[in-house]
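Colleague: This is the structure, below, for whatever I ask next.
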Amino acid sequence: MNFFEGFDFNMEKEKIKALFYHFFDNVLLSLILFSLCVLYIFLTEKNKKIRDLFGWYVISIIIIVWNPLVIHILENFINFSSMYRLYYMIPMYPVIAYCFTKVIQGLSKKSKKILCTVIIFSVVLIFGKSIYSEGGLREVNNFYKLPDESVFVAEAIYKDEKYKEKRAIVPYGMSSHIQQIHSTIQLAYTRIVKSYSLENGLPSTADTDDPAGNELVEKFSEGDTKYIVDYCNSQRINYIVYDDNSYLEEPFENYGFEKIDSAYNFSVYRRI
Amino acid sequence: MIILQGFQAIVWLMIIPYLLGKFITSKDEEKNKMLYTWVIGTCIQMGIFFVLAIPMILIRFKFQTLRNLYFTIIVILCMISIWLNRGKIIKISKFNLKSISIFQIVAIILTFLQVFIIFKYSNINNDDSSFVVLSNQMIDYGEMYYYEEGSPLNARRALAPISAYYSTLSQYLFVHVTIFTHTVFPIVLVILANVIYYYLGKTLFKEDKDSPYIFMLFMILANYYFFRIKGAGSYFFRFTWFGRSIVAGMLLPLLWKISLDCMNKEKNKIKDWLSLLFVVLASCLCSEMSVAIISIPIVILTIINSIRDKKLSYLLKSVGVLIPCLIIAICYLIIR
């Protein structure tokens, strides 16, 4: 295997730029603070081991991460989309925490130490950004830590005794949860779907977690009852889960399905 | 049932790792290293699983065989540990209420707050759905990392078999694997991470009593409430159960701490190098990215410290420690 095959310096340089901006997006302040801390360590740290870890090691990692050849070789092992995680090798927070602690350690009285810690905490709490500020944190009533409606649907299908082989079609948002609860429930699609697009005028398919362009997902969300039921018949799917608040052209009951359970605005239909 | 599950959780996530950790820390003169023993023991527990799982996955053993064999090995190792450490399993110095500092109290409160958040709230991310589903499928179908009969091996997942590890532990705990992955294990991981930050602080500020706790507090603050949200620690506290987040938020800081111990002229003890080896193995279990993000720091730290201390032995020992990464890299290139 030739690791250097296809190496293009300019292309790799662009990739390095993209990785840098992806990781340090809108966080110039922390980058400046981190740089100042590294400088502080170089200028004041007398312990060689600590200076090596938080100084020379950091610089070496940066040289590695900004090296086009390294990025090119690593692409054999890591997806480019995950490669920004190479920046995890830089001990950013330990360096900053070390410098803050060092400053506080230098204070003579304990009361001053406490006061200084409280001030730094307050400044960060006022000007910083919580890791939950982008959302995502929610309260649920189950220990699976999955949406309650998904747990309800998975249990309803799993407990139903009419069909031994459970095959279901569920809204796309739910598709990544059901098999985490009962993996024996087979789904028409899961999170990773085939996406169809045009590349150079030719149809192209690829695995993606973006359902846009997937005909089945689109028809399902549009509420095209006939299309959904025809698909279910062709694939021997015996359960349909549908959001009660979504538009549906015709009720599934008209096409040989019956409602067996309903909660959290979702209904579970079973083939009669 | 809940009492049994709780008991099993304490045994498999605390007592067994502690007993395994004793293999490395038993000769330590330093007292009050119980928590560090637990941390190292968890890495040993993960490392042994990795060494066992990789060949068994490649030879297409059934999941149940792996689960039973791992159980047997761990039980035997624990019995050996108990026998070797009889009479000195627990070493605690006298507890003095006056010696507790305000920083220590705040650090403990913040740790409990983190545990509460993890227990109470859910941070749903569909990114992890595939590897939790894989864990679930292993239990239901017994196949490991082969989607269907005759299909090729999913190399990226199989060479970092964290899903199999979750399935195995959840079976011992009699807990659904998703509950184990999303609720039970993150609680342990968050406490372990804080313990690691404390010991990293302790290594950096040797003589000072308060500074390790202050360092730990700043680490928690930085991870939860800093100027960016894509950092390694922040990622760890949001998605604690992801293999790559365990590497980023827990195992890398542990690697930095151990590197200060083992690449050290005065110490340079074989037990520290063994600890480093188990950190590497645990990382390989957690994420295929470890091939890069664990081996590169070790190589760089080895070179820097070898030059500083003029010790060639660091290089030789590091090569030994990095063998798992090398094997996984070769396997990955062959299989993919």
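Colleague: Across the Cα atoms of chain B, what radius of gyration and what greatest pairwise Cα-Cα distance (Dmax) are found, in Å?
Modeller: In order Rg, Dmax, the Cα atoms of chain B give 19.7, 66 Å.
Colleague: Could you check the simple spin-label distance between A:Asp244 and A:Asp230, using points 7 Å along Cα→Cβ, in nm with one decimal?
Modeller: Placing both labels 7 Å along Cα→Cβ, they lie 3.0 nm apart.
Colleague: Moving on. Between rounded, prolate and oblate, where does segment B:203-297 land on the alpha carbon gyration tensor, with a ≥ b ≥ c its root eigenvalues, rounded for a/c under 1.5, else prolate if a/b exceeds b/c?
Modeller: It comes out oblate by the Cα gyration axes.
Colleague: Return the lysines within reach of A:Lys48: Cα separation strictly under 18 angstrom, same-chain partners fewer than 8 residues apart disregarded; answer none if there are no such residues.
Modeller: By straight Cα distance, A:Lys48 reaches A:Lys102, B:Lys202, B:Lys206, B:Lys257, B:Lys265, B:Lys267, B:Lys310, B:Lys311.
Colleague: Sort largest first and round to whole Å: the equivalent ellipsoid semi-axes of segment A:9-127, each the square root of five times a Cα gyration tensor eigenvalue.
Modeller: Its equivalent ellipsoid spans semi-axes of 33, 17, 10 Å.
Colleague: Principal axis lengths of segment B:126-183 from Cα atoms, whole Å, largest first?
Modeller: 32, 23, 17
Colleague: Now a separate question. What FRET efficiency do you get for A:Ser221 and A:His22 if R0 is 25 Å and r is their Cβ-Cβ distance, rounded to the nearest 0.05?
Modeller: Computed FRET efficiency for A:Ser221 and A:His22 comes out at 0.25.
Colleague: Follow-up. Hey, what number do you get for chain B at 222 nm if only DSSP H runs of n ≥ 4 count, each worth -39500 (n - 2.57), divided across all residues, to the nearest 500?
Modeller: -21500 deg cm²/dmol
Colleague: Grab the alpha carbons of segment A:139-196, take their convex hull, and tell me the volume per residue in Å³.
Modeller: Once divided by residue count, the hull of segment A:139-196 is 87 Å³.
Colleague: Compute the FRET efficiency between B:Phe71 and A:Glu14 as 1/(1 + (r/R0)^6), taking r as their Cβ-Cβ distance and R0 = 60 Å, and round to the nearest 0.05.
Modeller: After rounding, the FRET efficiency stands at 0.75.
Colleague: Once you compute Rg and the Kirkwood Rh from C-alpha atoms, what is the Rg to Rh ratio for the protein assembly as shown?
Modeller: Here Rg/Rh amounts to 0.98.
Colleague: Each residue of segment B:242-259 in turn: what ³J(HN,Hα) in whole Hz from Karplus with 6.51, -1.76, 1.60 and θ = phi - 60°, glycine and Pro shown as x?
Modeller: Values, residue by residue: 5, x, 5, 6, 5, 4, 5, x, 10, 6, 5, x, 5, 4, 5, 5, 5, 4 Hz.
Colleague: Can you give the angle from 0 to 90° between the axis of helix A:110-127 and the longest principal axis of chain A, with both taken from C-alpha atoms, to the nearest 10?
Modeller: The angle comes out near 50 degrees.
Colleague: Once the Cα atoms of helix A:28-44 and of chain A are each reduced to a long axis, what angle between those two axes, in degrees from 0 to 90 to the nearest 10, is obtained?
Modeller: With both axes taken from Cα atoms, the answer is about 30 degrees.
Colleague: Something else: If we count other beta carbons within 10 Å of each Cβ, what is the order of A:Arg270, A:Arg85, fewest first?
Modeller: Going from sparsest to densest Cβ surroundings: A:Arg270, A:Arg85.
Colleague: So, one more: Compute the label zone of B:Asp140 within segment A:154-177: residues whose backbone N is under 12 Å from the point 7 Å along Cα-to-Cβ.
Modeller: A:154-155, A:157-159, A:165-168, A:177
Colleague: While we're here: Could you tell me what a quarter of the Cα convex hull surface of chain A works out to, in nm² with one decimal place?
Modeller: Mean shadow area of the hull around the Cα atoms is 22.8 nm².
Colleague: Here is a follow-up. When B:Tyr213, A:Tyr144 are ordered from fewest to most other Cβ atoms inside 10 Å of their Cβ, what list results?
Modeller: Fewest-to-most Cβ neighbours within 10 Å comes out as A:Tyr144, B:Tyr213.
Colleague: Okay, next question. If each residue of separation counts as 0.36 nm, what is the full-extension length gain between B:Ile323 and B:Met1 once their alpha-carbon separation is subtracted?
Modeller: The B:Ile323-B:Met1 span can extend by a further 111.7 nm.
Colleague: For chain A, find the longest principal axis of its Cα atoms and tell me its angle to the long axis of helix A:9-23, 0 to 90°, nearest 10.
Modeller: 80
Colleague: Going 7 Å from the Cα of A:Glu165 in the Cα-to-Cβ direction, what parts of segment A:249-272 have a backbone nitrogen less than 16 Å from that spot?
Modeller: A:271
Colleague: Between B:Phe174 and A:Glu75, how high is the FRET efficiency from 1/(1 + (r/R0)^6) when r is the Cβ-Cβ distance and R₀ = 51 Å? Nearest 0.05.
Modeller: According to the calculation, E is roughly 0.75.
Values quoted throughout were computed directly from the atomic coordinates according to the rules given, and no laboratory measurement underlies them. All of these numbers come straight from a predicted model, not from anything done at the bench. Every residue, glycine as well, gets a Cβ built from its backbone with ideal geometry; the counts of neighbours run over all protein chains shown.
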